[in-house]
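Scroll down for the structure; my scribbles are underneath it.
The values are calculated or read from the model by the stated rules, or taken from the named source; none is laboratory data. Remember, predicted model here, so these are calculated numbers, not experimental data. All Cβ positions, glycine included, derive from the backbone under ideal geometry; neighbour counts span all protein chains shown. Remember, those area values only see protein heavy atoms, side chains included, never the ligands or the DNA or RNA. Shrake-Rupley method; radii C 1.70, N 1.55, O 1.52, S 1.80 Å.
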Amino acid sequence: MTPNNVKITPALVAEHGLKPDEYQRVLDLIGREPTLTELGIFSAMWNEHCSYKSSKVHLRGLPTKGPHVIQGPGENAGVIDIGDGLACVFKMESHNHPSYIEPYQGAATGVGGILRDVFTMGARPIACLNALSFGAPEHAKTRHLVSGVVAGIGGYGNSFGVPTVGGSVRFHNRYDGNILVNAMAVGLAESSKIFYAAASGVGMPIVYLGSKTGRDGIHGASMASAEFDDDSAEKRPTVQVGDPFSEKLLLEACLEIMEKGCVIAIQDMGAAGLTSSATEMGAKGDLGVTLDLDKVPCREEGMTAYEMMLSESQERMLMVLKPEKEKEAEAIFRKWGLDFAIVGETTPTKRFIVRHKGEVMADLPIKELGDSAPEYKRAFVTAERLPVIDAGAVEARGSIADALERLIATPDLCSKRWVWEQYDHIIGGNTVQRPGGDAAVVRVLEGPKALALTTDVTPRYCEANPFEGGKQAVAECWRNLTAVGARPLAITDNLNFGNPERPEIMGQFVGCVRGISEACKALDFPVVSGNVSLYNETNGKAILPTPSIGGVGLLEDFAKSATLAFKRDGDAILLVGETTGWLGQSIYLREICAREEGAPPPVDLIEERENGDFVRALILDGTASAVHDLSDGGLLVALAEMAMAAGIGARLDAPPDDVPAHAYWFGEDQARYIVTVAADKADAVLARARGASVLVSQIGVTGGDALVLQGERALSVANLDERSEGWLPAYMAGEA
């Protein structure tokens, strides 16, 4: 019995992730029972990871247009105009489930996949970032997962030759059984030479490019659309295996044939491999596609049509070529040592036909494969609002000095140098600001322009109030770009949530998306690309809602970018924004008071915009000597980070009488920055702030080698730095 003669049973349908009503939709669509290969194709195209069937009804509310937007969601990556004939191409995607099962290869192929999304558009990648969420440090698997994921990201990015310039790392027990690995890539292209996926022309050759097809990654997209259970390790064969050196060759070959004018359309073979790339190219161009699998280069013997169509082997592309350029393109790929095979052609039929060994293995309507995927308006509930924590009712635990020393050595707030020093963050020679600051800064070609890049989200806020948490994730991204002097232009997102079939989880998703939408509209910060990752839970226990936001901003002159390090003794320290001492969902409340509760801080988007514009102006006119936004840990943690970055201390004024000291120093009010200016400019800046209706106050002066607070023991900057730098290396060595 050949694989296509397999009897389609309810159990087999269920194994492919299709529910009975979805399978009935298949039967109604094609008017017969599908072959096994066709069942696999529907499984690949209609799973959550590829079809967005639970999320797209809500994603339509996101703002995706703007004066700088060349290409919004719907292509391999988003594209924005950065002037001078150049475009920035960027996107973020998840590789969560694969990284939990096989951390090195899962993370490595996550990087490889997002890089292909960028250079498929005709862009040369110039930077990578990531957002990593791990379980509690004391969990038995966490150290192993951190080690493997960081090694995988570094191993692929370093070998490929793109700098990894920024990101975030967090720990929480809600990620114990389902870590998150979100990878972001950024590239540069000529704005008039962007390449798209839509095929055009009948009878055009469809060409397979890159590495050979193997059995790794089969059902990878389906696996990414399902919950985990105790047998997650059995899914290891669904994890792809990456080869960054092959990807580097693929990059150079693709860019060369693009430059030679050979390409009509191009599509990365990512999730669902040959199936999704072929059907998307045809459907977007209103054309049919015929594939001959006998011509697909395979690295394993006896591969079936089913296996070839669902394999997610890495470093592969599908392309529609201009027929007259076929020989020229083949010569280029052969020169780079890569496979080049004509595996099909475009047709006028709008059918997707797959042949193997003289037999038709699939004959399906190509448009409906994507367009007729289920679209759900799932039930959702809005969580009850949590009470506002009265800062005055939160009893301080120990001294302010003791609390700071503890906080900067906690897993979330400690230095992540152990992580980013494993990444090559300067290859290419254009990294202006390295990891460890508010945002990375990467020079555009020879300058003077530069891009500012960051990833941000505060999951505990998103769970406590999804709407405010979604707003805050965007606002913090906007602040981090602003803090280096960049004008925020656009975002990509990676929306990580649990099982959308549970109304409370769907409620988290809907609330966060609405918050993101409101913030993006208020800040003129459109969403140009993104990814949704659902079913991130194990044995019914969901992750914290984690809508990661990747932001891109533009600096006209990289020499004017600001850093967070204090620059010299005697500078005035200014606090921009209102401080009420908001302790709900704060790191202080969690780590010092052992209370993870309360409403998160509200986000006033008008205040965010006004304060950010004011700070950016101070940077660009050269008034600000150092800038840092305030987020996790609040004011004193931010001041400690600025001091540690420079080895310079500060003498700080007493808190105002109406805010308890611990709430003043560690509260997490939003829309705030620390700015230092020369002492003789402080009065002018304060007057300028009053004229702009921006709340700014002087809170101290830089100098010395310690942080000195009234009524507290002096805190040696060197000692703080040792505590901050010490936890993660000690933990990874098994000593903490």
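Just give me the residues in the stretch 695-722 being part of a helix (DSSP H, G or I) and buried (at least 19 other Cβ atoms within 10 Å of the Cβ), in sequence order. Spell out the reasoning first.
Of the stretch 695-722, the ones part of a helix (DSSP H, G or I) are 717-722.
Within the stretch 695-722, V717, L720 qualify.
Are any of the residues in the stretch 355-362 in contact (Cβ under 8 Å) with a residue 24 or more places away in the chain, surrounded by fewer than 18 Cβ atoms within 10 Å (Cβ to Cβ) and hydrophobic (A, V, I, L, M, F, W, C)? Scanning the stretch 355-362 turns up no residue that is in contact (Cβ under 8 Å) with a residue 24 or more places away in the chain, surrounded by fewer than 18 Cβ atoms within 10 Å (Cβ to Cβ) and hydrophobic (A, V, I, L, M, F, W, C).
From V263, V289, which residue is open to solvent by less than 10 Å² (accessible area, probe 1.4 Å) and touching a residue at least 60 places away in the same chain (Cβ under 8 Å)?
Values: V263 fails: open to solvent by less than 10 Å² (accessible area, probe 1.4 Å).
Of the residues listed, the single one that is open to solvent by less than 10 Å² (accessible area, probe 1.4 Å) and touching a residue at least 60 places away in the same chain (Cβ under 8 Å) is V289.
Here L132 passes the criteria (1) in a helix (DSSP H, G or I); (2) buried (at least 24 other Cβ atoms within 10 Å of the Cβ); (3) in contact with a strand residue (DSSP E or B) (Cβ under 8 Å, 6 or more places away or on another chain) except the one numbered (1). If you go through the stretch 614-631 and keep only what is farther than 22 Å from A450 by Cβ and either in contact with a strand residue (DSSP E or B) (Cβ under 7 Å, 6 or more places away or on another chain) or surrounded by fewer than 20 Cβ atoms within 10 Å (Cβ to Cβ) (or both), you end up with just L630. When the residues of the stretch 658-676 are filtered to those that are over 17 Å from Q698 (Cβ atoms) and in a loop (DSSP other than H, G, I, E, B), the one that is most open to solvent (accessible area, probe 1.4 Å) is D658. Of everything listed in (1) in a helix (DSSP H, G or I); (2) surrounded by fewer than 20 Cβ atoms within 10 Å (Cβ to Cβ); (3) more than 27 Å from the chain's Cα centre (by Cα), the single unmet condition for A645 is (3). Scanning the stretch 555-589 for residues that are open to solvent by 10 Å² or more (accessible area, probe 1.4 Å) and in a strand (DSSP E or B) yields nothing.
Within the stretch 176-185, is there a residue that is touching a Ser or Thr at 6+ places or on another chain (Cβ under 9 Å), more than 29 Å from E463 (Cβ to Cβ), touching a residue at least 24 places away in the same chain (Cβ under 8 Å) and open to solvent by 20 Å² or more (accessible area, probe 1.4 Å)? Looking for residues that are touching a Ser or Thr at 6+ places or on another chain (Cβ under 9 Å), more than 29 Å from E463 (Cβ to Cβ), touching a residue at least 24 places away in the same chain (Cβ under 8 Å) and open to solvent by 20 Å² or more (accessible area, probe 1.4 Å), one finds none in the stretch 176-185, hence no.
When the stretch 112-129 is limited to residues that are open to solvent by less than 10 Å² (accessible area, probe 1.4 Å) and β-branched (V, I, T), the one that is nearest to L180 (Cα to Cα) turns out to be I114.
Regarding the stretch 306-327, can at least one residue be identified that is among the hydroxyl-bearing types (S, T, Y) and surrounded by fewer than 20 Cβ atoms within 10 Å (Cβ to Cβ)?
Here is the first cut: in the stretch 306-327, the ones among the hydroxyl-bearing types (S, T, Y) are 306, 311, 313.
Then keep just the ones that are surrounded by fewer than 20 Cβ atoms within 10 Å (Cβ to Cβ); that gives none.
No, the conditions are met nowhere in the stretch 306-327.
Within the stretch 728-736, identify whether any single residue is modelled with pLDDT under 95, in contact with a Gly (Cβ under 9 Å, 6 or more places away or on another chain) and not aromatic (F, W, Y), and answer yes or no. Yes, some residue in the stretch 728-736 is modelled with pLDDT under 95, in contact with a Gly (Cβ under 9 Å, 6 or more places away or on another chain) and not aromatic (F, W, Y). Scanning the stretch 448-471 for residues that are within 30 Å of E504 (Cα to Cα) and part of a loop (DSSP other than H, G, I, E, B) turns up V457, T458, N465. Of the candidates E38, E15, E102, E33, the single residue that is among the charged types (D, E, K, R), open to solvent by 30 Å² or more (accessible area, probe 1.4 Å) and either touching a strand residue (DSSP E or B) at 6+ places or on another chain (Cβ under 7 Å) or within 30 Å of I126 (Cα to Cα) (or both) is E102. The set of residues in the stretch 105-129 that are touching a strand residue (DSSP E or B) at 6+ places or on another chain (Cβ under 7 Å) and in a helix (DSSP H, G or I) comprises G106, A107, G110, V111, G113, I114, L115, R116, D117, V118, F119.
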